[in-house]
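Take a look at the structure below.
The values are calculated or read from the model by the stated rules, or taken from the named source; none is laboratory data. What you are looking at is a predicted structure, and each value in this text was computed from that prediction instead of being measured. All Cβ positions, glycine included, derive from the backbone under ideal geometry; neighbour counts span all protein chains shown.
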Amino acid sequence: MGSFIGFFSSIFGYVLNFIYSLVHNYGLAIIIFSILLKIIMLPISVKQQKTMKKTAKIQVIIKEIQKKHKNNPEKMNQEVMEVYKKENMSPFSGCMSVIVQMILLFAMFYLVRSPLTYMKQINSEDLNNYINEIRQEAGDGAVSAQYPEISVIKYTENKGLTDSRFYINMDFLGLDLSNVPRENFKDWTVYIIPILYVVSSMISIKLTANVNAKTNKKQDIIIENNDSKVEVEETDMAGQMNKSMMWLMPIMSVSISVIAPLGLALYWLLNNILMITERLVLNRVLFSKEEEDA
């Protein structure tokens, strides 16, 4: 698993380092990298949005099938699969996008945790030798056990060796992106990006909840049952789930943000901002026409 994620981290590192060589700023490089990655992932995002809207609509029918055949699981599963087949969908349609997001999450975490390995492509022997030099000069405490490469970058900067291959300019708008909130908790500036990230996460989840609520708004479904017609009112289950996620996700986000370098939180913040923009544009440009035709 580690080597698999490391493969993507290396690819991302090559791209990020190329951008860094042009702009000479780690934060700005992350912003440009995030935009490029979002553009590349746009086809998957469009498909995911369409799948989400389609899934929300057919859940009404599936729920009624489950209610109708609750005592006959075989018949229920058969009719549910027929619905998916009719809509040209799979029950696992959303799994691929989740897998992709998880790969991106871990790949970026590896990259931000070890930028000298994945971004600067410094081999482990040279890196370990330099770490030993730092420990001999400044003591073992000068190198973090969790983020040794971040410590190396800080040490190199403090020594004024800005032309060294072990140096990355992590100053971004007055914020040091190499800082880890848990290790620098007395510095109030380390909380700016994580807080903005949490706020953007809540906005993103709220936006998703509103879209699902609009799609799953209580509606009357007419279902043929022998020679009679039955009216079914669909309750907004997705809306209730999203309300819970609105609190759960920010809490999880804070937990991760405080133990990782600020560079990761900046990437997540940019990703959320781009995701919000993307959803608003796609809902307005792509899906408004579909709703008008429906």
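Here are the numbers:
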{"read-out": "Within the range 141-178, tally of residues that are part of a loop (DSSP other than H, G, I, E, B), buried (at least 20 other Cβ atoms within 10 Å of the Cβ) and in contact (Cβ under 8 Å) with a residue 60 or more places away in the chain", "value": "5"}
{"read-out": "Selected residue (only one of K38, K54 is modelled with pLDDT under 80 and among the basic types (K, R))", "value": "K54"}
{"read-out": "Pick from the range 10-32, criterion among the polar types (S, T, N, Q) and farther than 21 Å from L274 by Cα, ranking: surrounded by the fewest Cβ atoms within 10 Å (Cβ to Cβ)", "value": "S21"}
{"read-out": "Tally, over the range 20-34, of residues that are within 15 Å of the chain's Cα centre (by Cα) and among the hydroxyl-bearing types (S, T, Y)", "value": "1"}
